[in-house]
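Undergrad: Below you will find the structure I want to go over with you.
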Amino acid sequence: MSVKPIFFAIDGKSIDEFEFELKRLEGHIYGIKVGLELFISEGPSVVEKLKKQGWKVFLDLKLHDIPNTVRESTKSVANLGADFLTIHIASDIEALIEASNNKGNTLQILGVSSALTSRAMTNSVSEEINKEFKQAKECGVDGVICPASEISKTKEIFNLIVTPGIRLKNDDKNDQKNVATPNFAINEGAKYIVMGRSIRNNLDYIINDLEL
Ligand code: C5P
């Protein structure tokens, strides 16, 4: 059984809402993404719970703050045992350097562009993202959250590319504007993809049929 390079985004108020999916997905996908909604409701113990179940944990807190706050928050996240943490590249150079220098040995820092996948892609947005990613690289960030349309350019900067906004062909796009299928994103060069609603709507297909 091969582990698919997918993070399941568990966006909700309680980890219990996802108990069924978490059990079924064990051994089939790489890790779990915890966003602000769940982290705020459940608190830091959610990381511990998921780590105990053997998951890689991606804490999507999208830090955006002054260098001191980013540094100390990064240290706290590293102490929790999370594996990945997101930080807004727009936090500025010093904050990104502080995060990179204080993440410890196991946490990896992912830079987030100000252009999220809920924003439509244009040439100028694409240029903005590319500029931000180059800046993130110079600050020692490990990887980036990258829309599918920008993966081919971003491969020249980062190996660790994580792509959200993933939908199967017949899925509803919901609030996402910049979407792609799992195979497109992986074939373009994403190391991991993030899937939330699309996993919940197609659980059996993801487990049994999706080949990446
Ligand atoms: O349900 P869906 O697959 O659209 O969920 C996508 C997840 O990825 C959400 O948790 C969202 O917060 C996150 N995300 C995103 N776009 C980014 C960064 C994170 O959709 N640029």
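The values are calculated or read from the model by the stated rules, or taken from the named source; none is laboratory data. Fair warning: this is a prediction, and the values are worked out from it, not measured in the lab. Positions of Cβ are backbone-derived with ideal geometry, glycine not excepted, and every protein chain shown enters the neighbour counts. Each accessible area value is taken on the protein alone, full model and side chains, heavy atoms only, with ligands, DNA and RNA left out. Shrake-Rupley method; radii C 1.70, N 1.55, O 1.52, S 1.80 Å.
Undergrad: Hey, can you tell me all the residues within the range 158-188 that are modelled with pLDDT of 95 or more and open to solvent by less than 10 Å² (accessible area, probe 1.4 Å)?
TA: Across the range 158-188, the qualifying residues are Phe158, Ile161, Val162, Thr163, Ile166, Pro182, Ala185.
Undergrad: Residues of the range 100-116 being among the aliphatic types (A, V, I, L, M) and either open to solvent by 20 Å² or more (accessible area, probe 1.4 Å) or farther than 20 Å from Pro164 by Cβ (or both), which ones?
TA: Leu116
Undergrad: For Thr181, indicate whether it is within 14 Å of the ligand (Cβ to nearest atom), touching a Lys or Arg at 6+ places or on another chain (Cβ under 7 Å) and farther than 22 Å from Glu37 by Cα.
TA: Taking the combined requirement at face value, the residue satisfies it.
Undergrad: Further question on the same structure: Residues of the range 87-113 being of a type in the set (Ser, Thr, Tyr) and more than 17 Å from Val179 (Cα to Cα), which ones?
TA: Correct list: Ser91, Ser100, Thr106.
Undergrad: Sticking with this one: List every residue pair whose Cβ atoms lie under 9 Å apart, where the two residues are 6 or more positions apart in sequence or sit on different chains, the first residue falls within the range 183-210 and is under 13 Å from Ile29 (Cα atoms), and the second residue, located anywhere, is more than 9 Å from the ligand (Cβ to nearest atom) and acidic (Asp, Glu).
TA: Listed pairs, sorted by first residue: Ile199/Glu21; Leu203/Glu21.
Undergrad: Looking at Asn174, Asn79, Asn102, Asn130 in this structure, which one is farther than 22 Å from Leu63 by Cα and not basic (Lys, Arg)?
TA: On inspection, the qualifying residue turns out to be Asn174.
Undergrad: Go through the range 7-49 and report how many residues are among the charged types (D, E, K, R) and at positive phi.
TA: 0
Undergrad: Report, by residue number, each residue of the range 189-207 that is open to solvent by 40 Å² or more (accessible area, probe 1.4 Å) and within 9 Å of the ligand (Cβ to nearest atom).
TA: Listed by number, the residues that qualify are Arg197, Arg200.
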